[in-house]
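K.L.:
Below is a structure I'd like to ask you about.
The values are calculated or read from the model by the stated rules, or taken from the named source; none is laboratory data. What you are looking at is a predicted structure, and each value in this text was computed from that prediction instead of being measured. Here Cβ is always computed from backbone atoms with ideal geometry, including for glycine, and neighbour counts include all displayed protein chains.
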Amino acid sequence: MLTTLLALAAAAGCEKTNDIPRLQEEAVATAKSFQERFDELAHRAEAIGKRARALPPSSQTNGNAGRLFGLAVRAITESRQALSRVQAEVKEDVDKGAPEALLKRIDELRETKEKAIIEATGDLAAVESWVAFTEQHPDAPAPPPSPEPAAADDPGTAAPPTR
């Protein structure tokens, strides 16, 4: 009897549970959460853009702020588009019965989208600061554009881009 119980316990421990439904749910929920965050950033960018366009024309010539704003909007737009495709990609992984692919997709989503959120938020904050300063000091001269780093021959030794 004891050997039967041990054999049943060992067999139960070796049995692999199907994680695909849980992973599918986690991947979709992760994408939805990031989609909401990027939607919020898009609304914030729209509001900042409206404020910037309302500035006097002589104040609207800060190239660095415009460049940062463009980077933020592009990151937001590209991320929202990528996230809109996640559900179909997850379904493909589920249909293939590929839990490893789902795990990889979840990890990549978290890594790439969190990075994009951090960068877009930082860029929007910089532009928002410039807009607020310019609203309060419309006659102040625009700051000089920040210098771009020189490109190195070896991409591994290139200076990080100025943001």
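K.L.:
Considering every residue within segment 94-107, establish whether at least one is under 27 Å from residue 124 (Cα atoms) and either loosely packed, with under 15 Cβ neighbours inside 10 Å or more than 22 Å from the chain's Cα centre (by Cα) (or both). Even if it seems obvious, please write down each step before you answer.
P.N.:
Taking segment 94-107 first, the residues under 27 Å from residue 124 (Cα atoms) are 106-107.
Those still in the list that are either loosely packed, with under 15 Cβ neighbours inside 10 Å or more than 22 Å from the chain's Cα centre (by Cα) (or both) too: 107.
Yes, segment 94-107 has at least one match.
K.L.:
Considering only residues that are assigned to a helix (DSSP H, G or I) and farther than 18 Å from residue 121 by Cβ, which ones fall in segment 30-65?
P.N.:
Of everything in segment 30-65, those that are assigned to a helix (DSSP H, G or I) and farther than 18 Å from residue 121 by Cβ turn out to be 30, 31, 32, 50, 53, 57, 58, 59, 63.
K.L.:
Given the conditions (1) farther than 26 Å from residue 106 by Cβ; (2) at pLDDT 95 or above; (3) not small (Gly, Ala, Ser), which single one is not true for residue 30?
P.N.:
Result: residue 30 passes all but (1).
K.L.:
Which one of the conditions (1) more than 12 Å from the chain's Cα centre (by Cα); (2) modelled with pLDDT of 95 or more does residue 121 fail to meet, given that it meets all the rest?
P.N.:
Here residue 121 clears every test but (1).
K.L.:
For residue 75, all conditions in the list (1) on the phi < 0 side of the Ramachandran plot; (2) exposed (fewer than 15 other Cβ atoms within 10 Å of the Cβ) hold save one; what is the number of the exception?
P.N.:
(2)
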